[in-house]
Amino acid sequence: MTPSAKAALALLEKVVARLSNAESRSGQADMVVHVADALTSGDSIVVQAGTGTGKTLGYLVPILAAGRTAVVATYTKALQDQLASVDLPLLERACEHDDDLAFSWAILKGRNNYLCRQRVSEIETGHDQLPLNDVPRDVARDVRRLVEWANETTTGEISDVPFPIGDSAWRKVSLGSDECPGKAKCEFGETCFTEVARDKARSANVIVVNFTLYGLDLEQSREFLPPHDVVVFDEVHELEDVISETASVTLTGRMIATAAESARAALTRQKLPNALVKTAKELDEVLGRYAAQRLSQPLPADVHDTLHTADEQCRMILDELEALVNETPEQLRARSAIGRMGEALAKVLAASSNMVVFVTEVRGAARLTAAPKRVDHVLAEVWDDTTAILTSATIPPGLPRRLGLGLSDDDIVRVASPFDYKKQSLLYLADDLPLPNASDRAPKLQARIRELISFSGGSALVLFTSWSVLRDTADALDGTLGDGITLYRQDDMPKKALLEAFRDDHSSCLFATRGFFQGVDVPGDALRLVIIDKVPFPALNDPLLDARRDEAGDSAFMTIDVPMAAASLAQAAGRLIRTAADHGVVAVLDPRLGKKRYKNAVLFGVSHMPETTRLVEVQEFFDKRATSRPS
Ligand code: SF4
């Protein structure tokens, strides 16, 4: 064992001893050794760490033991909160009396998560472009409270606001990075909440961010995040989609009109901003002709010409703004907004063959998106100069290759989960139900779900791939599941409240869609059965996926659709066993798994669970646990 691995294991021991439920986990220790060795060699590493491994300590401990500066990027807010409220404070306490190990950490979010002092000042002094008497009364009331709070808060961060606020109110007192002229040009730059948070992050050894902020930092030539020699991507199975999004450009007529409005407020001569507003309207109309279509490249002439006109107009407005001598905050913001809009337009006009350009319709408005087919080139500079630790409970096949890491699936380090899946779980595959599109499926699916819930006595998370099937099934089963079994639907209340209600009521059932395939952590008896209505293949009409499928040719189904379905299924199944005391059944009600050649590939993430197609075994599983449970 290398000295760095030994040092990391010694720290792990110290940290684990501080836990109230101290238990050594061999998978976690394995991960610590692998990460420590990667940090020594400088080689990036991919670690699949099953549920319960304790992967956050698995990477944080070796990073601290090696005295490295790291950015930890997570996908979900839940994981960010866990790092901030559990793991990092625990490590801080474990290291505080040891000068060699003492460290500091910070959470950093995107600019629009913090109050903007410039905006607050404009509202306070009545110099706001959109006076409060022009907005709905409840929004104006929230804005006033936020302005008062700006004098009390030390963070200015949205999650610290001590009263409920709506998005509209928050937008009035915050700025996106597109509009902020930057610290140097802002009167409040020195006390700006975002800048203070960035300064704090600059001196921290561990900075926690989300994937989106990391992706945006890559897009902004790595100017936002402080330099770091290690990056951790936790929940890395989501990284490809997020980086694709942050490297994408989205344009709507409304967005161009908003940039034009900021120019209107900043310039006395209105001719150019007015012309840009007109072009924005034309773009809406032109894009409407291509709703739900992928655009050819070069772009169709009407789309190209309208974008080109908008680009020219942005350039001319920018020239006027740059010629101003004494710049007001409005003018600085307009420069920033028009400048960014010009960059977006230029990016779409110059879209390379790696970009897919398509039009979607969102709330009745056409939206143009240019998205990269592959993200390997976006991430290449990260792999070149940073040691990357990529981890997740499920690493979909082919992910290291698609991310451009230069590693194959065989290089993935798989560390053991501490759970005994053979004893704790069962995977039931219903091979006797009608196919998902069969006309006689609905009543049989509903009957099977009712039967399974009767075996478990409730405590079921029932996951659907479509809202319509969820609604039909919930309507048919509500009130028929047995005494005392409440049926909650995803749209009954906000996710947090819904999960609390489900967690507190040990025999309830929760019917939900893809948003609940991950981020649901319900340990114990409240969740004993996870039902998945069908294999969660990705949507067929997704233009970006379609372009990737075209590129993959004949192998598209096996290299794109199957790994995505497998990853989703593994995530959904992962809701079941959260502690060593949990037990339960995952039921997949899709007969295709019994017959199709892709069965093993789809089930790769749940292959550690014993499998059956016999319903009676599900009943026996629950009966056995019911009798062995203490009364
Ligand atoms: S630097 Fe930007 S975000 Fe900060 S106060 Fe100034 S304008 Fe607002």
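Just so it is clear, none of the values below were taken in a lab; they were calculated from the coordinates. Bear in mind the structure is a predicted one, so any value in this text is a computation, not a measurement. Glycine gets a Cβ as well: all are built from the backbone with ideal geometry, and neighbour counts include every protein chain shown.
What is the calculated FRET efficiency for ASN600 to MET1, with r their C-beta to C-beta distance and R₀ = 41 Å, to the nearest 0.05?
0.70
Which residues' amide hydrogens lie under 5 Å from the amide hydrogen of TYR488, considering only partners 5 or more residues apart or on another chain, with H built in the peptide plane?
CYS509, LEU510, PHE511
At THR268 and ASP385, where each label point lies 7 Å from the Cα along Cα→Cβ, what is the point-to-point distance in nanometres?
4.6
Can you find, among ALA447, THR360, ALA552, the residue sitting farthest towards the positive end of the charge dipole of the chain, where Lys and Arg contribute +1 and Asp and Glu -1 at Cβ?
Farthest towards the positive end: ALA447.
Hand me the trypsin sites (Lys or Arg not before Pro) from region 1-87 located in a DSSP loop with no more than 11 other Cβ atoms within 10 Å, in residue order please.
In loop regions of region 1-87 (DSSP not H, G, I, E or B), the sparsely surrounded trypsin sites (Lys or Arg not before Pro) are ARG18.
Pop a pseudo-label 7 angstrom from the Cα along the beta-carbon direction at both ALA292 and LEU19 and give the gap in nm to one decimal.
5.0
Multiply the residue gap between GLU322 and ASP420 by 0.36 nm, knock off their C-alpha separation, and tell me the result in nm, one decimal place.
Extending this stretch completely gives an extra 28.7 nm.
What list do you get for THR76, THR328, THR51 if you sort them by fewest beta carbons within 10 Å?
Going from least to most buried by this count: THR328, THR76, THR51.
Please list, in order along region 457-469, the HN-Hα scalar couplings obtained from phi with the Karplus expression 6.51 cos²θ - 1.76 cosθ + 1.60 (θ = phi - 60°), rounded to whole Hz, x for Gly and Pro.
Taking θ as phi minus 60°, the curve returns x, x, 6, 10, 9, 9, 10, 10, 8, 9, 5, 5, 5 Hz for region 457-469.
Can you work out the Karplus-derived ³J(HN,Hα) for every residue in region 390-401? Use 6.51 cos²θ - 1.76 cosθ + 1.60 with θ = phi - 60°, whole Hz, and x for glycine or proline.
Rounded to whole hertz, the list is 10, 9, 5, 5, 9, 9, x, x, x, 4, x, 5.
List the residues, sorted by chain then number, that are 5 or more residues from ILE532 or on another chain and whose placed amide H is less than 5 Å from its amide H.
It is LEU463, ALA587, VAL588, LEU589, by chain and number.
Let me have the relative contact order for the chain, percent, based on Cα pairs under 8 Å that are six or more residues apart.
Dividing the mean separation by the residue count of the chain yields 15 percent.
Just grab the label-to-label distance for GLU451 and GLU312, each label 7 Å out from Cα along the Cβ direction, in nm (one decimal).
6.9
Is it possible to state the helix-based mean residue ellipticity at 222 nm for the chain, with each DSSP H run of 4+ residues giving -39500 (n - 2.57), the sum divided by total residues, to the nearest 500 deg cm²/dmol? What is it?
-13500 deg cm²/dmol
GluC sites (Glu not before Pro) within region 179-237: which are DSSP loop residues with at most 11 other Cβ atoms inside 10 Å?
Taking region 179-237 and a limit of 11 other Cβ atoms within 10 Å, the loop GluC sites (Glu not before Pro) found are GLU190, GLU223.
Pulled fully out, how much extra length does the chain show between ASP241 and GLU190, if you take 0.36 nm times their separation in residues and subtract their Cα-Cα distance?
14.8 nm
Please report, to one decimal in angstroms, the Kirkwood hydrodynamic radius of the chain built from all distinct Cα-Cα pairs.
By the Kirkwood definition, the hydrodynamic radius is 27.1 Å.
Calculate, in nm to one decimal, what THR480 and ASP550 gain on full extension: separation in residues at 0.36 nm each, minus their alpha carbon distance.
Here the answer is 20.6 nm.
For each of ARG254, ARG592, count neighbouring Cβ atoms within 10 Å of the residue's Cβ, then give the residues from fewest to most.
Ordered from fewest to most neighbouring Cβ atoms within 10 Å, ARG254, ARG592 come out as ARG254, ARG592.
Please list 3J(HN,Hα) in residue order for region 258-271, calculated via the Karplus relation 6.51 cos²θ - 1.76 cosθ + 1.60 where θ = phi - 60°; whole Hz, with x for glycine and proline.
So the Karplus estimates, Gly and Pro as x, are 5, 4, 5, 4, 5, 5, 4, 5, 9, 10, 7, 7, 9, 4 Hz.
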